[in-house]
């Protein structure tokens, strides 16, 4: 695994952008996504701004992500349906096994 590249494709909210169809091929009407850390995804993502302000690499480093209302917004609900993602579950797993092992798991299973 190319650590620098792969870690940079781990979004603040716990998705692995490297497996996202928007990153790989692009999305209709939106074009190709650059990945969360490169400014892709929702332009005004509150989760990204919160993590950056707190100095966290992901929300997994935050003690309150399980109760955080930022995950309940419209965009995140849509992503949950489109990608079948469980961001809080992903963040718990990152906390348990670490970012590198989580990324390896995502690469192997092919899910964001």
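The values are calculated or read from the model by the stated rules, or taken from the named source; none is laboratory data. Source: prediction; values computed, not measured. For neighbour counting, all protein chains shown are included, and Cβ atoms are generated from backbone atoms with ideal geometry for every residue, glycine included.
Would you mind stating whether residue 70 is more than 19 Å from residue 111 (Cα to Cα), in contact with a helix residue (DSSP H, G or I) (Cβ under 8 Å, 6 or more places away or on another chain), surrounded by 11 or more Cβ atoms within 10 Å (Cβ to Cβ) and modelled with pLDDT of 90 or more?
On the way: more than 19 Å from residue 111 (Cα to Cα): yes; in contact with a helix residue (DSSP H, G or I) (Cβ under 8 Å, 6 or more places away or on another chain): yes; surrounded by 11 or more Cβ atoms within 10 Å (Cβ to Cβ): yes; modelled with pLDDT of 90 or more: yes.
Yes; evaluated as a whole, the condition is true for this residue.
Which members of the stretch 50-71 meet the condition of being in a helix (DSSP H, G or I), under 12 Å from the mean Cα position of the chain (by Cα) and within 16 Å of residue 89 (Cβ to Cβ)? Walk me through it before giving the result.
Looking only at the stretch 50-71, we keep the residues that are in a helix (DSSP H, G or I), and these are 50-54, 59-61, 65-67, 69-71.
Then keep just the ones that are under 12 Å from the mean Cα position of the chain (by Cα); that gives 51, 59-60, 71.
Of everything in the stretch 50-71, those that are in a helix (DSSP H, G or I), under 12 Å from the mean Cα position of the chain (by Cα) and within 16 Å of residue 89 (Cβ to Cβ) turn out to be 59, 60, 71.
Considering only residues of the stretch 73-88 that are in a loop (DSSP other than H, G, I, E, B) and under 13 Å from the mean Cα position of the chain (by Cα), which is surrounded by the most Cβ atoms within 10 Å (Cβ to Cβ)? Outline the logic, then answer.
First, the residues of the stretch 73-88 that are in a loop (DSSP other than H, G, I, E, B): 73, 84-86.
Remaining after also requiring under 13 Å from the mean Cα position of the chain (by Cα): 84-86.
On the way: 84: 9, 85: 19, 86: 14.
Among residues in the stretch 73-88 that are in a loop (DSSP other than H, G, I, E, B) and under 13 Å from the mean Cα position of the chain (by Cα), the one surrounded by the most Cβ atoms within 10 Å (Cβ to Cβ) is 85.
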Item to check | Given (1) surrounded by 14 or more Cβ atoms within 10 Å (Cβ to Cβ); (2) free of Cβ contacts under 8 Å to residues at least 40 places away in the same chain; (3) part of a helix (DSSP H, G or I), index of the condition residue 91 fails | outcome: (2)
Next on the checklist: Looking at the stretch 82-93 only, could you name the residues that are modelled with pLDDT under 90 and either in contact with a helix residue (DSSP H, G or I) (Cβ under 7 Å, 6 or more places away or on another chain) or under 19 Å from residue 25 (Cα atoms) (or both)?
Outcome noted: 82, 83, 84, 85
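Among what's in the stretch 6-21 and is assigned to a helix (DSSP H, G or I) and either touching a strand residue (DSSP E or B) at 6+ places or on another chain (Cβ under 9 Å) or surrounded by fewer than 11 Cβ atoms within 10 Å (Cβ to Cβ) (or both), pick the residue that is modelled with the lowest pLDDT. Don't jump to the end; show me each part of the working.
Of the residues in the stretch 6-21, the ones assigned to a helix (DSSP H, G or I) are 6-8, 17-19, 21.
Okay, now just the ones that are also either touching a strand residue (DSSP E or B) at 6+ places or on another chain (Cβ under 9 Å) or surrounded by fewer than 11 Cβ atoms within 10 Å (Cβ to Cβ) (or both), so 6, 17-18, 21.
Numbers: 6: 81, 17: 91, 18: 90, 21: 84.
If we take residues in the stretch 6-21 being assigned to a helix (DSSP H, G or I) and either touching a strand residue (DSSP E or B) at 6+ places or on another chain (Cβ under 9 Å) or surrounded by fewer than 11 Cβ atoms within 10 Å (Cβ to Cβ) (or both), then 6 is modelled with the lowest pLDDT.
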Item to check | Verdict on residue 96 being farther than 15 Å from residue 11 by Cβ, modelled with pLDDT of 95 or more and surrounded by fewer than 17 Cβ atoms within 10 Å (Cβ to Cβ) | outcome: yes
Item to check | Qualifying residue in the stretch 31-49 (condition: within 14 Å of the chain's Cα centre (by Cα), assigned to a helix (DSSP H, G or I) and loosely packed, with under 12 Cβ neighbours inside 10 Å) | outcome: no
